[in-house]
Structures are given as C-alpha cells and as structure tokens.
Protein chains: 2
Amino acid sequence: MQTISCLLAAAAVISGAAAQTHQRLGGCPDLGCVFPPDQADFLAGQFFDIRLEVHSPINGTEARAGEPDPNFTFTITKKGGKSVPVANFFKIDEPVLERWNFTWYEDRFAEDAHSPSLVNVTSKIYRRVALYEPGEYEATLNYYGTQKTVANWLVRKMPHKRRAKNVILFIGDGMTTNMITAARLIAHKSINGKYMSKMALDKFPILGHQMTHSMDSFITDSANSATALYTGHKTTVNALGVYVDSSKNPFDDPKFETIVEIFKRQHPHAGIGIISTAFLADATPAALAAHTSKRGEYDHVISTFYEGVTNYTWTQWGGPDVLLGAGAENFLKSEEAKREYYDLFENNDYNLALNKTALQQAPDDQKLLGVFCKSNLPTWLDRNVYTSNLLNKTNAPDGSARDAEDLPGLKEMTLKAIDVLHKRNGKDGWFIMSEAASIDKQMHAMDYDRALGELLELDDTVSATIEKLKQLGELEDTLIIVTADHGHGFDVTGSVDTKYMEAQKDDRLKRNAIGYYGNSGLSQYTMSGPNSLRYSEGVHFPSQWDPRYTLHSGVVAFPDHRENYEVHKDGPRTPAVSTKDKKLGNIANYKDAVTGYLVNGTLPVNAAQGVHSLTDVPVFARGPCQELFGGVYNSIDIFFNMAECLGLSEKKK
Amino acid sequence: MQTISCLLAAAAVISGAAAQTHQRLGGCPDLGCVFPPDQADFLAGQFFDIRLEVHSPINGTEARAGEPDPNFTFTITKKGGKSVPVANFFKIDEPVLERWNFTWYEDRFAEDAHSPSLVNVTSKIYRRVALYEPGEYEATLNYYGTQKTVANWLVRKMPHKRRAKNVILFIGDGMTTNMITAARLIAHKSINGKYMSKMALDKFPILGHQMTHSMDSFITDSANSATALYTGHKTTVNALGVYVDSSKNPFDDPKFETIVEIFKRQHPHAGIGIISTAFLADATPAALAAHTSKRGEYDHVISTFYEGVTNYTWTQWGGPDVLLGAGAENFLKSEEAKREYYDLFENNDYNLALNKTALQQAPDDQKLLGVFCKSNLPTWLDRNVYTSNLLNKTNAPDGSARDAEDLPGLKEMTLKAIDVLHKRNGKDGWFIMSEAASIDKQMHAMDYDRALGELLELDDTVSATIEKLKQLGELEDTLIIVTADHGHGFDVTGSVDTKYMEAQKDDRLKRNAIGYYGNSGLSQYTMSGPNSLRYSEGVHFPSQWDPRYTLHSGVVAFPDHRENYEVHKDGPRTPAVSTKDKKLGNIANYKDAVTGYLVNGTLPVNAAQGVHSLTDVPVFARGPCQELFGGVYNSIDIFFNMAECLGLSEKKK
C-alpha cells in the first residue's frame, strides 16, 4: 500500500525538550539567557537594554553541581564584521555582576507535590543602547567555559522618509473576525442575503491578519500583545515594554522603547493621544508608556503617563497630550494611588475633565486628562439601553460616594482627542491609540450582547473619526489602522427560540429550542417592532436586543455556567461563582440564566470566566502606507509598519 | 443623566414579523413570491429561470379565505424605462399555470403539536431567460387585485476584457482563519515568537473576507454556499444551482447558470477540472453542475457531470475534462447509481483511474475520471500516519469487497488535473475547483487533528500548484483563489498536559490539566523526538501528533461528548452516539475519550456532531485581478470577480 511520499524516515536525533508549558524562564531554553532573545527584530535607533543571565539549577531535571558562572562573556558581531565585547561595541561601561535565585515548577505534578526547582543566577544588564545599522547581528553569551547561547538579531532596513502625518491605531481588545460577523448580523439589515448597509470596517480598502502569539506561549495576554504592537518586541504574559528576567524586582527588567517614546524623541512637537474604555492603568493603554514585568503595577503605569521612567535614564517623552478613559481609583490617593495624580497632572498644565460635558467643553489648545469613572467605563449597552444599571455603582471619578454620571463613550473621547491634537499638534502630526476595551472584558464574562455592543461602538467611532478627519482636511494624511491584540474563541451557530426554551422544563429538552443551518433563520435584532430602537443616520446598532429568536452564541472554552441565550438586562453577566473551596473551584451561577440549562466547564475549575484564544486577528488599514498592512504577518509588523510610515528608522548621528 | 445621543425615539411602526427561523418559504415574506428574489444580482448574459408563486394559507397565523390568485401578472421595468409584461420583455411564450399545495410548521410549538399550516399555491415559471444590459431592474408581481411583491434586480456593470487565462479556486470546506492559525502552530517551527517558515497561504499578497450567510438563514450549508461562490446567487440550505420553490419536485426549481456553464458556453475549447477529497456527488463539487433543490439527489449530480441538465433546455457544457475524487458508490449500478457511470464516462472518451498509479499514468491529452474509493477519501492523517486505519474498509472504487489502495491525495489529484488541462486546453485556458472537503467533515466530527491535517494538505497543495504553474510558465496567467464556503466555530485556547489528565480520576480534577495564557507554553507538535516525522523540503506537517502537551481545542456548539484532547489513532472520531430514543437523542460516546471527561451538549439532542458557524471566512488571492479580492465582501462577489477576470460579462448579440 502506497503512503506518504512526503514523509521521510523518522529522525534519529533526540532532543531533550523540557516540558514546554512550564518553563524555567521564557525565551531561555538553555542555561544561558540573552534578552533581547534570539530572533528579535529592532527598529534602527530604538533604545533597548540587554539582560544576560547564567542559570545553575540546584535540583530538578536540569540540576548541576556548582555556582552559576560569574565570568560569562558577551560579544556582538555585525554580519560580516568581527566579534566585539559588548561594552566595547556600544562604548559603555561594564555593569556590576548581580546574583539572585528563583524557583519554578517543572509541571503540574511538581506543583501539586509542592516540589519547586531552585535556580541560582548570575546576571548583568547593559542599559539604553541602540543599533543603527540595518542588517543581521549575532550576539553570543559564553559561559561555563564551553557553553554558548547565540541570539540572532535583525535591525530592519526601511525607508527613512515620513509618509503619514498622523497615525490612529484603534484596538478592539479581543476582537475577532467572528465577532465582526456577528455584530454585522445584529446591527445591519439584510434582504435575501444582501446587506443594505456596511460596517465602517467593511469599507476599509486593505485587510490583513496578524499573529498574536507571544514569545514564550502561543496564547497571549493584552500586556504582552500590546507591547508587540507598540514596540516590535514580543515578550511574556503580563509584561509591559520589557523582556521578563528571573529577578524578583518587577522594575529592573530589560526595556525597549515604544512607538510614542521614539516618535516624541524624534518629533518633540508631535502629539500623543491615549484613549480607552478601560481603566487607564490597564494593559492596552499602559503598554505605550510603562516598563514593568507586572502589568498589575498600576501606580507605575500612571506615573509613567505622568513623568515617564524615573528609575533609569530613559526617553523622556513628556507624557500623552490627551489621556482619556476610566479607572479613577488609580489617580486618587484616597483610593489606590500613591500620589494625588489629578493634582500632579493639573500642575503639569493638563485640564481635568470628569464628565462628558467637561470633556467636550475643555479648550482644544491645552493638554487634557479625562477620567470618567472608577473601574472600567460601563458598557455601551448599559449606557444606552439598560441605563438603570448605571445606578448605585458608587463609581464617581472624584472619589465621592456618588454614581458616575454624564459618561462619554469611545466616540466622544476619540473625537475630542482629535480636536485637541489637531489644534495643538496640527503641524507636526500626532499618534492616537483608541481602545474598545470591553469587547474583551465582556467576552471574558461570556456576555456576548455587551461585547458586540462595544464592537459596534468601535465601528461607529471609526466611522465618525473618518468623517471628522475629512472635515479637518486631515484624512489623506492620516494612517488609520483598526486591529485587535488577541482573540476569544467566539462564534455563532444558529438561533434560539427563547420562548420555547423557557417553556421546557428539562435541560435536554431546552436544547431543542436551538435552530441550526436553515432553522437559524434570519436575524431578528434588526427588525422593527413596537419598542424598537432607532439611531441617527449612518449609526447602526440593533433595533431590539431581546427578540424572541436570539443568537446561539458561545466560546470554545468556559467555566461551568448556565445558558438561556437572552440579553442580561440587569447588567453584565457573571457566568460562574466561587465555591470558596479551592478543589471545587468555580461553579455555574444559577441566577445568571435561570430559564436556561447547565453546561459543565472545559477550563480548570479555578477559571470563573472565558480565556483568550489563538486565532490570528484582522487588521483594517486605510491612508498613507495602507499597502503595508495587507496579507498575513506577525503582530510586531504593525509596529514596524507604523514606524516606517512615520519615518522613524534612524541613521546614527 | 446623559444617554444615547445616537438613539432616537422608539418607532411607532409595528411590523407583523413572522417567526424568522420557521419560514413559509425562504425569500418570500409576502404571499407573492418572485425568484430570483429582491436584491438578486446577475452577470450580464447569465441564463436563469423565473418562478412566480401566489400563496393562499388555509390555516395558521396567515390564514385567508379563498383560492390563490390564478390571474397574477408580472412585469419587468428597466430603470428609467417602461413596465413590460414578462413574456413580452423576453419575447417568450406565456407558460401554463401550475397549482399545488404544501405544509409547514410555524414554530417548534407547532411542530411538537403536529399542527402544520397548509398553503395552496398558484405558480408559473419562465425558463432560460437572460438580462444583458447592466443596470437596475424592477420586477413586479401583482396579485389579489391590489397586492404586489417587488424584486429589485441588478445586472452588474463590469469590463468585458478577459484578464486571466486560467482560474483555480481552492475551497477549504469549513476552513476559518482560526483553523489556519492552529495549523500553522502545529506544523511550522517558531523561535521566540517568530515563525521560521511560512504557510503557502501566508505568502499570498491579497487577503479578503467573504460573508457566507444564505438567502434565508444566516447559517449556510455547503450546497447553498458553493452555489453562491459559483453563480452569484445565494439560495437556501440544501439547494444546488436553483432557488427553492414550494413544489414537491426537486428538479423543477428555477435555475441559474454556473461559472463553468457560462465559461464553456462562451469558450467551448476551455477546460474544466473538478477535484474533491469528498465523494464527487457531494455539495461542493456538485454545485458546479447540478440544478436541484435537494443536494441528496446524488444520481442527478453525477448525471449532470456526465450529460448536463436534460429535463429542460439548458446550457450543454460537455462536463468536466477532469473529474477526480471519491464516492464510487454513486458511479456503480451495483451500489447506489441508477446507471453504470464508469462505462458511460468511458464511452464518452474519458480515461478511468481507480488508483494513484493509474491517475499519474493516465495520458494528459485525454479526459480523465478518477474515483479512488467509496465514500470520502480517507484523511491525510490516516493515509500518512495511522495507515492501519485504511484496512478493513471494503471501500475499493471498483465495487469489489477489497479495501481501496494506492490512494492519491489532494495534491496528486490537483497536479494531475493541471497537467491534463494544460495539455488539452493550454490555448483557451481552464478553470479548476479543488476542494479540501474533510476539513469540514472532520470538524463536524470534532476531530481537530484530522481537520488540521486536511488543512495542511490543502496548504501543501497550494504550494505545489504554484510551483507547477511556475514550471509550466502559466503562473502569471492564472488567478489563484483559496477560500472556504463557511466556517465552524473552532479555536484553540491553551494546552493540555495529557499525562496529568490521565493521572486524575475525577472529571473536575482532569480539567486542571489544561494550561491557558502563559501556561499554554509552546507547540510541542513541531519538536523533534525519537519518533518524529520528517518531510521533504518545503513540506510542513507536525513532527509528532501525540505530544504530551496537546492543543486545548474546541468548537462553540457540540453534542454531548467526552474530551481527552488526544489524537485519535484508531480512526476518525465519533463524539456522540444515538440512544435510539428520539427524546433522549444522542449521548457522549464513552469509547471516544476514555481518559477524558464528559461535556454536556449545547446543541439539540438530535445532533451527533458539530455544526457550521456564522463567521466570515478568509479569501487569499494571487495573479491577474488579485486586487478585486481584498477587503470585506459578500460570497457572491467571488463569482462576479472570477467572471470579470475571465471576461464573461456578455453584450447582447
């Protein structure tokens, strides 16, 4: 029987691969570690730190006798050139040798048995260097006499000419193609399979896909992925603007410059806008400014918006001209902040807006900080349809016991940011990052209605942004990118007759309310009815959120939960609740879907929500350099393409 | 409190919408029906039939007194012109009035109560007409004196100049971006987040998304969606090349020409190749030739490959020059065929190949039918890795009791088709449809390993096709498109320590074997080991299919099943089995994943497999006209773009 012409004989080589899901240190499969690691790409002139570590595991499968090498050496070779010790190469002083140790678990069995592996470390860090000449470099760590770890680095060659005056990067956090398809279905009318209107995203001339995986795991978080988008360097889950070393200090890890640091360093009169519907210390806004291995270091994040990095000599870019979002608790000393940040920003010539009216009335010629509530901004669905959910939240941005009122949405924040930056930086151009954060947050909560509402708000914001830029005469000078930082495994597979499901008493019979293929029928969310919602010309959201026939939606991995496929009118969903018993973990929240049925989880019992997924995410681009964004590429290419379009690749002075 | 500047006052209009998931007749919300329906698009010169129906519901919510109108009239108006009775417009005879009745269920309650609604019908059909002048047309059915149903039709205006000599359309049945991402992860090595090799799809210059929804439901099947891709007309689930009328006859429905019918009508010396890893009567190959409302009419399908449509005057295109795939039972009179099709094809100057050797040795200058087994072709994984699964299948293509042997794959079939068409039709050009069918079939079975194997085989086939066309000097004259017909809600959310899962006894504890985010780690499928598989240069499949750490994969909707996340070495997966009790339906197949845990279903209990999903699917294009395929569009645009590239838009002679 004929088989496998393409399949060769089995390989004789045996590779002693460690368990790949539990790693001694991400990016460091050998006992010698180099950060930036093998295969790192750089923008010419981008500042970065170099961290070297030599590991001596005391126990575990890698155990060896002796201390970690204190005499390791490190050389850099430009391809075709000669090998030069690092301090000579960059003409910097040799740093002091550091020593520490750390522990890790080799796998889940070791974790259950509380048997950590201990590793002793010697390390050095070379701070704030840059490579200017495009091409390939070989960086070699020599240790333990004969061992070496080689990192191949590439400084990308690209044109130096600036092609875009402005760049606006919209990030739909967690947004996938699947979600866009579902959002279109509930908000845009179709007749016999032809849509009568288009989403703003559907009108973009260029479509791409970017791969979101991180350096040391194939599923990323938003810190890691935002870092890749803004810096061209993939790193480790929870890290912002640094590679993660094995030291305990979350502020000493090797940094690399972000696009706003580079842009402002080269163009001091350019403007920066940072906008999010999340709390502003959250990962996606934070990754433009912060440099820490722990995204949860919120005070560090706000301080870097305010005054940049202060513990080391680093690019002082002056902070964003416009900073708009939520998370008042991280600005208020009475809450979680270490300093009174509102006062500090105001002393630094920022206007402070704490509601939509103040936002819109703020003068366009001054810097602007807008913080509109504690925690995240309530969702579009709660702000616009189920407004009673805004009550009794005690989330006023001034720290009082009142509810936040007069809330702006992503659209109002983004349009105001454009006004301010156009006024202040109209000559030198600007960069805006505008994040629809709660697509992700509501996908985590498996609240698909709210997530899709956020996505539609993003689409509406993109549409209004294009219109605004047209009015200002800036559209053709502005590169507009809409993308995501990672996905969730969401899709729609049919419809649910909620009336029929409610009428059934048995969990198995309830499932017969689901129609698939031809029985999916048409979307009822766009149909007119006695209570249907209507919008301004060109604005598209569902006419009704609670039709009899709803979407049969889901994600591929979930905690124990119940499903009735109905909109949660009383506020965002809580699919699972803790039993407070660690072994039992989280169980389905009965109150979440009383009329529904139980689905047992496919995630570890410590998960109370859904998780991120692997899928490539879409990239929509229009404007100068749009052609760079077609096809399939790595997430870091978004950074390099934006940098190319802004002409940020440097020649050595 | 400020809300919803974009949200206007509730509409006063009440629309009496019927239950949208149960429809009297898809595409016919009124009592008068016009097919092609409102919003249909046409290629200039494309032949089509017009079916008119007037309904008189006897009972149910739409019940009315009296018979259906026998005196309805139908007019067509070119925009700016005058209204002309249809027979005059097309200069054809008035057809006879037909009468019939049918029943349907208004919703699941009516179905449970066995309370059908009865509808009496009057109807006429105008066969084989065409519109040549681009622009908008208004087609109006007048009935019951004052009622009317208006269909707005558009004949698309496009250049007449042919730009591509050849077109090859690859269809990854059920393939999504999410699956491509997962296939890349298991087959391509990466270092610190940078892939060391690229998929063929990742190298395409142009990326698009197409919307796959059908005319009357937002989830499509493969018949309906293939019809849209090949004809520019979306229709109803299970329909091939026709709109579905309400008559019982599956062969009298209103037809429209497919791209191969049009191409061959205009270019009699052009060549057609149809290739599938499914049985050849299956929907995706069938939709190029067949015209029936029931995709299950397999004998009709094979007969239309052999002799075209015979029950009406219709385009006689001569059938495919190359027809390669599986499903011998539909060719053998001893099995399910009504005639001995092998003999008929051979009498019609086809060579017959029943194995890979015969396929590859067949002369390139003669027509070729290749049928390699009964049912579907075994999967790539079974043909190449777990080959003992090919035994004891009694699936020989000659109808004997032997096992099919010496099986080709998609690559061998596609490359041979190119050789034959290049030899026979090198002057006038050719069109090939090549389908990786079992991406879909194995996704239905929730056998993600096999589905991804099929996807990687498609990618390898695309790569080899590009190389072959380059060798033949045809690459720059060939438009290559790779897309899908619909998706499945698949994604990857982490990894599974199969050793840890096996060691746990409790279903909840087993779930703790799953690692997500940073604990996903890296792909072990590409790692070398003592038993690792190796491939020829440039061919990429996993080095191992059964690493300790596997993918945590899933779909969003599923029957009851068990999960252990291990490759199924004994053959394709069967996730659920029937209880033979209709009310209880299908339950988890214990043997499918003995070491795993139980997941209760989120589909009706009559479902034993996964189902299709909503998501837009990717389109990769390269070659002449590639720029037409960027951005986001409707599935029917694939047809119109291919037709434009082949210069198929006609002027009236």
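The values are calculated or read from the model by the stated rules, or taken from the named source; none is laboratory data. No experiment lies behind these values; they were computed from the predicted model shown. For neighbour counting, all protein chains shown are included, and Cβ atoms are generated from backbone atoms with ideal geometry for every residue, glycine included. Areas reflect the complete protein model, heavy atoms only, side chains present, ligands, DNA and RNA absent. Shrake-Rupley method; radii C 1.70, N 1.55, O 1.52, S 1.80 Å.
For this structure, a couple of remarks:
- Identity of the residue in region A:545-564, facing chain B (nearest Cβ under 10 Å) and part of a loop (DSSP other than H, G, I, E, B), that ends up farthest from the chain's Cα centre (by Cα): A:Arg548
- Residues that are touching a Leu at 6+ places or on another chain (Cβ under 8 Å) and of a type in the set (Gly, Ala, Ser) within region A:397-407 comprise A:Gly399, A:Ala404, listed in sequence order.
- Every listed requirement among (1) in contact (Cβ under 8 Å) with a residue 60 or more places away in the chain; (2) more than 25 Å from B:His209 (Cα to Cα); (3) not charged (D, E, K, R) is met by A:Ala200 save one, (2).
- Pairs where the first residue, in region A:179-192, is facing another protein chain (nearest Cβ under 7 Å) and farther than 16 Å from B:Thr220 by Cβ and the second is among the aromatic types (Phe, Trp, Tyr) and crowded, with 24+ Cβ neighbours inside 10 Å, C-beta under 8 Å, 6+ apart: none
- Condition check for A:Asn600: out of contact with any Lys or Arg (no Cβ under 6 Å at 6 or more places or on another chain) and within 30 Å of B:Arg622 (Cβ to Cβ): no
- Neighbours by Cβ (under 6 Å, 6+ apart or cross-chain): first from region A:143-158, open to solvent by 60 Å² or more (accessible area, probe 1.4 Å); second polar (S, T, N, Q) and in a strand (DSSP E or B): A:Lys148/A:Thr140; A:Lys148/A:Asn142
- Taken together, B:Ala445, B:Ala437 contain a single residue that is outside the structural domain of B:Val577 (by TED's automatic domain parsing) and either in contact with a Lys or Arg (Cβ under 6 Å, 6 or more places away or on another chain) or of a type in the set (Ser, Thr, Tyr) (or both), which is B:Ala445.
- Meets criteria (aliphatic (A, V, I, L, M), under 30 Å from A:Ala278 (Cα atoms) and either modelled with pLDDT of 95 or more or surrounded by fewer than 16 Cβ atoms within 10 Å (Cβ to Cβ) (or both)) for A:Ile180: yes
- Some residue of region B:591-601 being of a type outside the set (Phe, Trp, Tyr), within 22 Å of A:Gly494 (Cβ to Cβ), in a loop (DSSP other than H, G, I, E, B) and at the interface with chain A (Cβ under 7 Å from one of its Cβ atoms): yes
- Within region A:299-321, the residues that satisfy the criterion of being of a type in the set (A, V, I, L, M, F, W, C) and under 12 Å from A:Leu280 (Cα atoms) are A:Val301, A:Ile302, A:Phe305.
- Among the residues making up region B:202-221, those that are more than 7 Å from chain A (Cβ to nearest Cβ), more than 13 Å from B:Thr236 (Cβ to Cβ) and open to solvent by less than 10 Å² (accessible area, probe 1.4 Å) are B:Gln210, B:Thr212.
- In summary, helices (runs of 4 or more DSSP H) completely within region B:154-271 and bearing 1 or more residues that are in contact with a Lys or Arg (Cβ under 6 Å, 6 or more places away or on another chain) and under 23 Å from B:Gly631 (Cα atoms) occur at B:222-231.
- Subset of region B:244-271 [open to solvent by less than 10 Å² (accessible area, probe 1.4 Å), over 24 Å from B:Gly174 (Cβ atoms) and not charged (D, E, K, R)]: B:Pro254, B:Phe256, B:Ile262, B:Phe263, B:Ala270, B:Gly271
- Residues (more than 10 Å from chain B (Cβ to nearest Cβ) and buried (at least 21 other Cβ atoms within 10 Å of the Cβ)) located in region A:574-587: A:Pro575, A:Ala576, A:Asn586
- Taken over region B:519-537, the criterion of being open to solvent by 10 Å² or more (accessible area, probe 1.4 Å) and either in contact with a Gly (Cβ under 7 Å, 6 or more places away or on another chain) or part of a helix (DSSP H, G or I) (or both) is satisfied by B:Asn519 alone.
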